[in-house]
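Here is the structure we will look at, set down as C-alpha cells.
The values are calculated or read from the model by the stated rules, or taken from the named source; none is laboratory data. These numbers were taken from a predicted model, which means no experiment stands behind them. Cβ coordinates were reconstructed from backbone atoms using ideal geometry, including for glycine residues, and neighbour counts include every protein chain displayed.
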Amino acid sequence: MAHQALYRTHRPQKFSEVAGQEQVTKPLEEAARSGAIGHAYLFAGSRGLGKTSVARIFAREINKGRFDESDVSEIDAASNNSVEDIRALAEGVYTLPFGSTYKVYILDEVHMLSKAAWNAFLKTLEEPPGHAVFILATTELEKVPETVQSRCQVFEFKKPSRAALAEVVAGVAKKEGYALDADAAELVAMLAEGSYRDALSVLQKVLAGAEGKNLSREAVEAATGAPKRELVHALVAALAAGEKGKALAAVEEAARSGADLRLFLELLFEALRSTLLIRYAPDLRASLQSELGADESAALETFAKGGGITHDTLLAFLTAADRIRYAPIPALPLELAVLELFPDLKM
C-alpha cells in the first residue's frame, strides 16, 4: 500500500497547528468562539499556504459539537466552473444540514469560474440561507470580481520566511523519526519557494532516499539534484580572489554537473549576500552562523576577509538572473557577469 503524502499526514487539524498565519487564524478562531459567523469568506494567497486546511478547521470549529462531515462540500472550481455547476450548487444550498449547525461550501481555485457562473453565484452569495457558509479560496485574488470580494470577509495568507519554513520542515522530519541538519532544512525550504506543501513534498523525496536517520545537506542535494555547495564555493572563492579564469572554470563545472543554473544562481546570491553581511555587519555574525551552520559560516568568513566581493559582484549576478531566462546557453549570463567584473585581469 502506498504511503500517504507528508503534507496530508501532517495537515493541521487545529488552529494552533497552523504555522505562520496568525493574521488569519486568530480572527477566525474568535469568530467561531463568539458565534459571530459570516456567510462568506475569501481566502487568498499563493499555493501551498494552508487555505484549504484552514477552511476545514473553520468548518469544524463553527459547528462545535454538532458536526457531520457530509455537511462540508469541497468543490474544485477549476473543473466545476460552468453556470450549470453553480446552479446545481445553489439548489443544494437550501437543503438543511444533516447533523451540523452549518453547511459549509469550500470552493477552491474560485477565480476559475466563468463570467456566467459568477453572475449565477452572486444571488446565492447575496441572500444565502442562514445555515450556509461559503469559503472561497484563490491563488489569484485580482481575478475575483469586486462584486464578490465586497460580499466576503477577505483573508490574505502570507508566504512564510525561509527560517519559518525550515523550522516546519525540521519539525516534520523529527516526527517522522529523522534528524535534519539546520543547513539541510534551509535548503529544503529554499527549494520549496515559500510553499508549505512543496516543502513537505521535497522532504518526502529526501526521506525516501535516506540511508540513515541523520540527514545532512549533502543528502538533500543528492535526493533533489540541487547544486552541490562545493560548486558554489568554488565560484565565490574565485570571485573573492579576483581570479577570472578560475571563476569561469567554476561556472563551466556547474554547467557540466547538470545543475539547474537558476537554482545555482540563487545559492550564489545567498553566499554573496552572507559574505557581505559578515564583513560589514559583524553584529549579525552569531545569527548568520546559526542560520548557515558552522561549516558554511566558516567558509564565508574566509571569503569575507578579502576585498574581492563587493556590491558590484551582487549587481553583476542580479543582471545575470534577469538574462538567464532568455539565454540560449544558460551558463552564458554567468560568464558575462564574470567578464564584466574583471574586464582587465589576465587569465
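Hey, any hits in the range 198-220 for a residue that's modelled with pLDDT of 90 or more, under 27 Å from GLY50 (Cα atoms) and among the small types (Gly, Ala, Ser)?
Checked the range 198-220: at least one residue is modelled with pLDDT of 90 or more, under 27 Å from GLY50 (Cα atoms) and among the small types (Gly, Ala, Ser).
The rows are residues; the columns are (1) in a helix (DSSP H, G or I); (2) in contact (Cβ under 8 Å) with a residue 12 or more places away in the chain; (3) touching a strand residue (DSSP E or B) at 6+ places or on another chain (Cβ under 8 Å).
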residue: ALA247; (1), (2), (3): yes, yes, no
residue: VAL251; (1), (2), (3): yes, yes, no
residue: LEU277; (1), (2), (3): yes, no, no
residue: GLU296; (1), (2), (3): yes, yes, no
residue: LEU300; (1), (2), (3): yes, yes, no
residue: PHE303; (1), (2), (3): yes, yes, no
residue: TYR326; (1), (2), (3): no, no, no
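Sort out which residues of the range 130-157 are of a type in the set (Gly, Ala, Ser) and in contact with a Lys or Arg (Cβ under 9 Å, 6 or more places away or on another chain), and write them in order of number. If you could, list the steps in order and put the result at the bottom.
Keep residues of the range 130-157 that are of a type in the set (Gly, Ala, Ser), which gives 130, 132, 137, 150.
Listed by number, the residues that qualify are ALA132, ALA137.
On the given criteria, is THR319 farther than 28 Å from SER216 by Cβ and surrounded by 18 or more Cβ atoms within 10 Å (Cβ to Cβ)?
On the way: farther than 28 Å from SER216 by Cβ: yes; surrounded by 18 or more Cβ atoms within 10 Å (Cβ to Cβ): no.
In short, no.
Answer with yes or no whether ARG279 is among the basic types (Lys, Arg) and surrounded by 14 or more Cβ atoms within 10 Å (Cβ to Cβ).
On the way: among the basic types (Lys, Arg): yes; surrounded by 14 or more Cβ atoms within 10 Å (Cβ to Cβ): yes.
Taking the combined requirement at face value, the residue satisfies it.
How about the range 85-126: which of its residues are under 29 Å from the mean Cα position of the chain (by Cα) and closer than 20 Å to ASP71 by Cα?
Matches in the range 85-126: VAL104, TYR105, ILE106, LEU107, ASP108, VAL110.
Name the one entry in ALA298, ALA240, ALA247 that is surrounded by fewer than 19 Cβ atoms within 10 Å (Cβ to Cβ), more than 27 Å from the chain's Cα centre (by Cα) and either among the aromatic types (Phe, Trp, Tyr) or closer than 24 Å to GLU221 by Cβ (or both). Let's see the steps before the verdict.
Details: ALA240 fails: surrounded by fewer than 19 Cβ atoms within 10 Å (Cβ to Cβ); ALA247 fails: surrounded by fewer than 19 Cβ atoms within 10 Å (Cβ to Cβ).
So the residue among ALA298, ALA240, ALA247 that is surrounded by fewer than 19 Cβ atoms within 10 Å (Cβ to Cβ), more than 27 Å from the chain's Cα centre (by Cα) and either among the aromatic types (Phe, Trp, Tyr) or closer than 24 Å to GLU221 by Cβ (or both) is ALA298.
Among all residue pairs at least 6 apart or on different chains, which show Cβ distances below 6 Å where the first residue, located in the range 160-176, is touching a residue at least 24 places away in the same chain (Cβ under 8 Å) and the second is surrounded by fewer than 23 Cβ atoms within 10 Å (Cβ to Cβ)?
Going by the 6 Å Cβ cut-off, the qualifying pairs are PRO160/GLY20; ALA164/GLY20; VAL168/ALA19; VAL172/HIS10.
As an exercise: evaluate THR101 against (1) under 30 Å from GLY194 (Cβ atoms); (2) in contact with a Lys or Arg (Cβ under 8 Å, 6 or more places away or on another chain); (3) without any contact (Cβ under 8 Å) to a residue 40 or more places away in the chain; (4) not acidic (Asp, Glu) and give the number of the one condition it does not meet.
(1)
Step by step: first the residues of the range 222-237, then only those that are in contact (Cβ under 8 Å) with a residue 24 or more places away in the chain and in a helix (DSSP H, G or I), then the one that is nearest to the chain's Cα centre (by Cα). Which residue is that?
THR224
Within the range 174-185, track down each residue that is in a helix (DSSP H, G or I) and surrounded by 24 or more Cβ atoms within 10 Å (Cβ to Cβ).
Restricting attention to the range 174-185, the residues satisfying the condition of being in a helix (DSSP H, G or I) are 174-175, 182-185.
Listed by number, the residues that qualify are ALA184, ALA185.
Identify, by number, the condition in (1) loosely packed, with under 13 Cβ neighbours inside 10 Å; (2) not in a helix (DSSP H, G or I) that GLY48 doesn't meet.
Of everything listed in (1) loosely packed, with under 13 Cβ neighbours inside 10 Å; (2) not in a helix (DSSP H, G or I), GLY48 misses just condition (1).
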